[in-house]
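Undergrad: Following this message is one structure expressed as structure tokens.
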Amino acid sequence: MPSDCISFKETGYFSSLICDYLDQKEKLAPFYKRFPSLDSFKDQILEKKQSFSNTNRQVLVESLTKQYQDIAVTEPSQNNINLLLNETTFTVTTGHQLNLFTGPLYFLYKIISTINLTEQLKETYGSYDFVPVYWMASEDHDFLEINYFTLHGKKIAWNKAEGLNNANGYVGDYDTNGLKAVFEVLKNELGGGKNAEYLKQLFEKGYLAHDNLTDATRYIVNELFGAYGLVIVDGNDTALKSLFKPVVTQELEKNSAFAEVTKTTEQLKNQGYKAQVTPREINLFYGVKGYRERIVQLEKASFSTVDFKFTWPSLSAILQELETKPEHFSPNALMRPVYQEVILPNLCYIGGGGELAYWFQLKESFKSFSVPFPIVLLRNSALLISKKQQQKLEKLSVSPQELFMKSAELINYKVRQVSDIPIDFSEQKKELKVQFKGLEEIASQTDKSFLGAVKAQQVKQLKGLDVLEKRLLKAQRLKLSDHVSRLTSIHNELFPHQSLQERKSNFSEFYLAYGADLIPSLKEKLDPLGQGFSLIYL
């Protein structure tokens, strides 16, 4: 399975913030501590080793053991859980929402990046062990972001009205009643064959044999990646949240995250970057079964949920509940990274461009909570190209760089390239400007009002040439309609809805074609520290 690679900047799909980070621009240096390279992990290991206690390790392993008790944990994953008791073991973590059937294709790339990095670290730092971790975003609440996936261009959605209960709480608690109807749709779309049958069983055993979305997701991810020792963590855990109580206390007492993130966000804006998230004065949620709302501070040091359903008359009252019921308190997007780093012996977080953008807002808040800031690494990105699609691209003479043009831009570019007549009036425009320069010299010696007329005529003539060029291009597109049609078709296949394939397509589409070889093949080709966008020819 050969591959090509182009820079993230060349794709045109990544923000200036991410491109500048990959280029290690000096103006971004204040917003992270160590740039991801194998050498930089040496100091990261030492820093984390000094700050992470054996008590936290014990609590983590006990919690993971309970979380895995109802599924068949693989031997590699069990070995990794056991290794977490050792002070020489560290984690590399990625996180993602509980998207239906894993959601977009890049979910695989996140986890493969994480697994591959732990293997590279082990080769480099042999006296330590490294465990790949998938953090389930079980405490999220935005159902509409996770209730569907796309197969063969068709959106397969979980209809909220079909038996879904607890719809106002954590998505991980959502029951799976409505997913039988989704399964029927999926069966028809998958068709027959060995690979299709595997996918049907995976969905059925995941969603129809488990009562809630957390357990279903854990089962599916374990089935796909357990052989590589992936450890799946659910942060919605009483014992783990007990470790987070000091941070929650500080947030309630001092609004630490708000103060530090606001300051850092302004600094990022001053460097020309946009803020990814906006901090709140209290960056915590209060959650019980079927309920999740923001905590706000009222007058006279009292607190409530934003809808006033739950109230605490004083700081001591809310801290008392935190002491006895830590599971009722949940971090928001800004505090979740801090929670993760408190309960895991983590060295690196691997995420997408949007995730890294808000991590850059957090560095100083980590310092205020006395928690080491991890290395942050952009996940792998890839475009999967079948043999048939590769042959089409070769016939159309489309290079990897050209492939990332927008569809209309690519078509116009290739029509100009293959046309038997020139569709570029640059020379004519150049000659026209020379002629008008001569007229301007004459006009400058006469009436100044004539000079204005000359310039206006020049603008008119240049616009006229633009119009003629566009009409000629349109005519050639019609003449070369077969070429245009083939270009449009292959581009739409590889960039569904004019977006990156990895953001739209689901892994099942490729598993149908390549079966059990898919994940091992991707794992072989994706280099987490490669810093390039991969084109993988399947």
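Undergrad: Considering (1) within 23 Å of the chain's Cα centre (by Cα); (2) in a helix (DSSP H, G or I); (3) under 24 Å from Ala137 (Cα atoms), say which one Gln276 fails and leave the rest.
TA: Status for Gln276: all satisfied but (2).
Undergrad: When you check Tyr228 against the structure, is it within 25 Å of Leu108 (Cα to Cα), at pLDDT 95 or above and of a type in the set (Phe, Trp, Tyr), yes or no?
TA: Criteria met by Tyr228.
Undergrad: Do the conditions hold for Leu240, that is, is it touching a residue at least 60 places away in the same chain (Cβ under 8 Å), within 22 Å of Val306 (Cβ to Cβ) and assigned to a helix (DSSP H, G or I)?
TA: Values: touching a residue at least 60 places away in the same chain (Cβ under 8 Å): yes; within 22 Å of Val306 (Cβ to Cβ): no; assigned to a helix (DSSP H, G or I): yes.
No, not satisfied.
Undergrad: Looking only at region 504-538, how many residues end up being closer than 19 Å to Leu403 by Cβ and either hydroxyl-bearing (Ser, Thr, Tyr) or assigned by TED's automatic domain parsing to the domain that holds Pro104 (or both)?
TA: Looking only at that region, the number is 3.
Undergrad: Find the helices (runs of 4 or more DSSP H) located wholly in region 341-408 whose residues include 1 or more that are of a type in the set (Phe, Trp, Tyr), in contact with a helix residue (DSSP H, G or I) (Cβ under 9 Å, 6 or more places away or on another chain) and modelled with pLDDT of 95 or more, and list them.
TA: Per the criteria, 353-359, 363-368.
Undergrad: Okay, moving on. Please tell me if Leu38 is assigned to a helix (DSSP H, G or I), out of contact with any strand residue (DSSP E or B) (no Cβ under 9 Å at 6 or more places or on another chain), modelled with pLDDT of 95 or more and exposed (fewer than 15 other Cβ atoms within 10 Å of the Cβ).
TA: No.
Undergrad: Related question: Checking Gly169 against (1) in a loop (DSSP other than H, G, I, E, B); (2) touching a strand residue (DSSP E or B) at 6+ places or on another chain (Cβ under 8 Å); (3) under 28 Å from Pro520 (Cβ atoms), which test does it fail?
TA: Just one mismatch for Gly169, condition (3).
Undergrad: Run down Tyr170, Tyr228 and say which single residue is aromatic (Phe, Trp, Tyr) and touching a helix residue (DSSP H, G or I) at 6+ places or on another chain (Cβ under 8 Å).
TA: Of Tyr170, Tyr228, the one residue that is aromatic (Phe, Trp, Tyr) and touching a helix residue (DSSP H, G or I) at 6+ places or on another chain (Cβ under 8 Å) is Tyr228.
Undergrad: Name the single residue, out of those in region 495-506 being over 15 Å from the mean Cα position of the chain (by Cα) and touching a residue at least 40 places away in the same chain (Cβ under 8 Å), that is farthest from Ala196 (Cα to Cα).
TA: Gln498
Undergrad: Also, quick follow-up: Considering each of Leu208, Leu213, Leu252, Leu240 in turn, give the residue that is more than 27 Å from the chain's Cα centre (by Cα), of a type outside the set (Val, Ile, Thr) and surrounded by 20 or more Cβ atoms within 10 Å (Cβ to Cβ).
TA: Leu252
Undergrad: Moving on to the next point. Checking the structure you have, find out if any residue of region 177-200 is of a type in the set (D, E, K, R) and within 24 Å of Asp234 (Cα to Cα).
TA: no
Undergrad: Next up: Of everything in region 54-87 that's part of a helix (DSSP H, G or I) and among the small types (Gly, Ala, Ser), which residue is farthest from Lys241 (Cα to Cα)?
TA: Looking at residues that are part of a helix (DSSP H, G or I) and among the small types (Gly, Ala, Ser), I get Ser77.
Undergrad: Touching a residue at least 40 places away in the same chain (Cβ under 8 Å) and among the polar types (S, T, N, Q): is that true of Thr305 in this structure? Full working, then the answer.
TA: Values: touching a residue at least 40 places away in the same chain (Cβ under 8 Å): no; among the polar types (S, T, N, Q): yes.
Judged against the criteria, Thr305 is not a match.
Undergrad: Still on this structure: Among the listed residues Ile112, Ile146, identify the single one that is surrounded by fewer than 24 Cβ atoms within 10 Å (Cβ to Cβ) and in contact (Cβ under 8 Å) with a residue 40 or more places away in the chain. Break it down into steps so the answer makes sense when it comes.
TA: Details: Ile112 fails: surrounded by fewer than 24 Cβ atoms within 10 Å (Cβ to Cβ).
None of the other options fit; the residue is Ile146.
Undergrad: So the check is Cβ under 7 Å with 6+ separation or different chains; which pairs have a first residue in region 49-71 that's closer than 20 Å to Ala216 by Cβ and a second one that's of a type in the set (Ser, Thr, Tyr) and in a helix (DSSP H, G or I)?
TA: Final answer for the pair search is Ile71/Tyr219.
Undergrad: Assuming Pro246 fulfils every condition listed in (1) buried (at least 18 other Cβ atoms within 10 Å of the Cβ); (2) within 27 Å of Tyr134 (Cα to Cα) apart from one, which condition is it?
TA: Unmet condition: (1).
The values are calculated or read from the model by the stated rules, or taken from the named source; none is laboratory data. None of these values were measured; they are calculated from a predicted model. All Cβ positions, even for glycine, are placed from backbone atoms using ideal geometry, and neighbour counts span all protein chains on display.
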